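Undergrad: Please read through the structure below; I'll follow up with questions.
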Amino acid sequence: MDLTTAVTDFLENIQKIRRYSVHTIKAYESDLLQFIEFCKTKNIFSTDRVNEKLIRSFTIFLSQNKSEASSISRKLSSLRSMFFFLIRNDIISVNPLSGIYSPKIRKNLPEVASIKNLDDISKALKEKDLKMFNAVFEILYSSALRVSELCNLNIGDIDFDNNTIRVLGKGSKVRITPVGRDSLKILNEYLSTRENLSYNSPVFLTKKGRRIYSRYVYCIVHQYLSDYTELKKRSPHILRHSAATHLLDNGADLLAVKEILGHESLSTTQIYTHVSIERLKNIHKQAHPKS
């Protein structure tokens with residue numbers, strides 16, 4: 001099969017059958033098109049000419065062009081997924097990546113905002129009467145949502161009686177996640193400023209009356225994390241990291257946190273146990289007379 005056709009078929013599969021998000025599909029497409037361009041330099045245009053030697057040459061090419069280990073690993077993962085798709089559909093019989101191992105990636109622990117930081121931000125937003133901004137911070141943190149999940153929320157997704165939110169997560173999977181009463185109160189204060197609300201109305205709107213989008217949320221969160229924390233990273237995902245870490249710090253069960261976050265694998269959630277341990281070690285170091 002022609003490589004370009006193989007990529008097109010694979011992307012169509014993950015979009016229409018597996019229902020991957022737009023961002024994930026774009027990432028796969030970027031990785032696979034880069035591989036096709038590399039293959040063209042070797043005069044290789046069909047899937048049956050792709051072998052382990054070519055894949056190794058591709059990883060060397062990426063390394064020589066100063067790609068980070070995480071980037072190389074992701075590109076190899078994209079290729080594995082596509083060639084597995086081709087095997088499953090009897091287009092090829094051998095996966096050329098079966099003997100290829102991804103480079104080791106040094107995992108950096110996620111940064112976390114302190115509870116005081118978040119309280120200070122909430123207090124500042126209340127004083128400025130920025131109800132929508134305050135509600136964005138509260139719901140992101142209280143329910144540990146991804147930005148895309150927050151942007152997609154409709155009024156009908158909020159269960160004010162049971163203190164829960166129905167979330168459309170990765171892979172179009174729906175989960176029910178708890179939300180704090182205080183956070184719902186702040187959300188209600190914002191919604192009271194809106195008119196003509198219906199079941200399908202977006203929860204959050206821009207000043208122009210449109211559904212909020214990821215970049216819009218990023219700008220809000222980045223501004224206030226910059227003003228009230230010393231964190232190097234100031235993206236909305238920090239609030240998700242913070243929520244997970246604070247839950248574990250206060251005795252939450254790891255499996256429960258996994259469900260709240262919507263993780264498929266427990267190993268993904270376990271990174272937050274390391275964050276909690278590191279925080280305890282730092283507290284011990286700063287406070288214990290024998291440290």
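Undergrad: Return a yes/no flag: does segment 210-227 have any residue that is part of a loop (DSSP other than H, G, I, E, B), modelled with pLDDT of 90 or more, exposed (fewer than 15 other Cβ atoms within 10 Å of the Cβ) and at negative phi.
TA: So far as segment 210-227 goes, yes, one or more of its residues are part of a loop (DSSP other than H, G, I, E, B), modelled with pLDDT of 90 or more, exposed (fewer than 15 other Cβ atoms within 10 Å of the Cβ) and at negative phi.
Undergrad: Here is a follow-up. Taking residue 184, is it among the hydrophobic types (A, V, I, L, M, F, W, C) and closer than 20 Å to residue 148 by Cβ?
TA: So residue 184 does not fit the description; no.
Undergrad: Any residue that is crowded, with 18+ Cβ neighbours inside 10 Å and aromatic (Phe, Trp, Tyr) - is there at least one of those in segment 135-152?
TA: yes
Undergrad: If I ask for residues that are under 19 Å from the mean Cα position of the chain (by Cα) and in a strand (DSSP E or B), which ones from segment 158-177 would you list?
TA: 165, 166, 167, 168, 174, 175, 176, 177
Undergrad: Something else now. Could you tell me which of the residues 78, 73, 30, 46 is of a type in the set (S, T, N, Q), within 30 Å of residue 173 (Cβ to Cβ) and touching a residue at least 40 places away in the same chain (Cβ under 8 Å)?
TA: 78
Undergrad: Here is a list: 30, 114. Which entry is within 30 Å of residue 142 (Cα to Cα), within 25 Å of the chain's Cα centre (by Cα) and polar (S, T, N, Q)?
TA: Being within 30 Å of residue 142 (Cα to Cα), within 25 Å of the chain's Cα centre (by Cα) and polar (S, T, N, Q) holds for just one of 30, 114, which is 114.
Undergrad: Right, next: Just one of (1) without any contact (Cβ under 8 Å) to a residue 60 or more places away in the chain; (2) assigned to a loop (DSSP other than H, G, I, E, B); (3) surrounded by 14 or more Cβ atoms within 10 Å (Cβ to Cβ) trips up residue 94, so point out which.
TA: Failed condition: (3).
Undergrad: Ok, one more. I'm trying to understand the selection: among the residues of segment 141-160, which are aliphatic (A, V, I, L, M) and within 17 Å of residue 259 (Cβ to Cβ)?
TA: The answer is 144, 145.
Undergrad: Something else about it: Here is a check on your reading of the model: is residue 74 part of a helix (DSSP H, G or I), not assigned by TED's automatic domain parsing to the domain that holds residue 226 and not acidic (Asp, Glu)?
TA: For residue 74, the condition - part of a helix (DSSP H, G or I), not assigned by TED's automatic domain parsing to the domain that holds residue 226 and not acidic (Asp, Glu) - is met.
Undergrad: Suppose we keep only residues that are surrounded by 15 or more Cβ atoms within 10 Å (Cβ to Cβ) and not aromatic (Phe, Trp, Tyr) within segment 58-70. Which one would you say is modelled with the lowest pLDDT?
TA: Checked segment 58-70; the qualifying residue modelled with the lowest pLDDT is 67.
For every residue, the table says whether it meets (1) of a type in the set (Phe, Trp, Tyr); (2) in the same structural domain as residue 150 (by TED's automatic domain parsing); (3) out of contact with any strand residue (DSSP E or B) (no Cβ under 8 Å at 6 or more places or on another chain); (4) at pLDDT 90 or above.
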position: 165; (1), (2), (3), (4): no, yes, no, yes
position: 170; (1), (2), (3), (4): no, yes, yes, no
position: 182; (1), (2), (3), (4): no, yes, yes, yes
position: 189; (1), (2), (3), (4): no, yes, yes, yes
position: 193; (1), (2), (3), (4): no, yes, yes, yes
position: 196; (1), (2), (3), (4): no, yes, yes, no
position: 199; (1), (2), (3), (4): yes, yes, no, yes
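Undergrad: Out of (1) surrounded by fewer than 16 Cβ atoms within 10 Å (Cβ to Cβ); (2) within 18 Å of residue 235 (Cβ to Cβ), the odd one out for residue 123 is which?
TA: Condition (2) is where residue 123 drops out.
Undergrad: When you go through 142, 70, 78 one by one, which is the residue that is small (Gly, Ala, Ser) and farther than 23 Å from residue 30 by Cβ?
TA: Only one candidate passes the filter, namely 142.
Residue by residue, here is whether (1) without any contact (Cβ under 8 Å) to a residue 40 or more places away in the chain; (2) part of a helix (DSSP H, G or I) holds:
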{"site": "119", "(1), (2)": "yes, yes"}
{"site": "126", "(1), (2)": "yes, yes"}
{"site": "141", "(1), (2)": "no, yes"}
{"site": "148", "(1), (2)": "no, yes"}
{"site": "156", "(1), (2)": "no, yes"}
{"site": "194", "(1), (2)": "yes, no"}
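Undergrad: Moving on. Does residue 44 satisfy the criteria of being surrounded by 13 or more Cβ atoms within 10 Å (Cβ to Cβ), farther than 13 Å from residue 83 by Cβ and in contact with a helix residue (DSSP H, G or I) (Cβ under 6 Å, 6 or more places away or on another chain)?
TA: Against the criterion (surrounded by 13 or more Cβ atoms within 10 Å (Cβ to Cβ), farther than 13 Å from residue 83 by Cβ and in contact with a helix residue (DSSP H, G or I) (Cβ under 6 Å, 6 or more places away or on another chain)), residue 44 does not qualify.
Undergrad: Okay, next question. Identify the residue in segment 230-267 that is crowded, with 20+ Cβ neighbours inside 10 Å and among the hydroxyl-bearing types (Ser, Thr, Tyr) and, among all such residues, is farthest from residue 23 (Cα to Cα).
TA: Residue satisfying both the conditions and the ranking: 245.
The values are calculated or read from the model by the stated rules, or taken from the named source; none is laboratory data. Keep in mind that this is a model prediction, so the values were computed, not measured. Note that each Cβ is placed from the backbone with ideal geometry, even for glycine, and that neighbours are counted across all protein chains shown.
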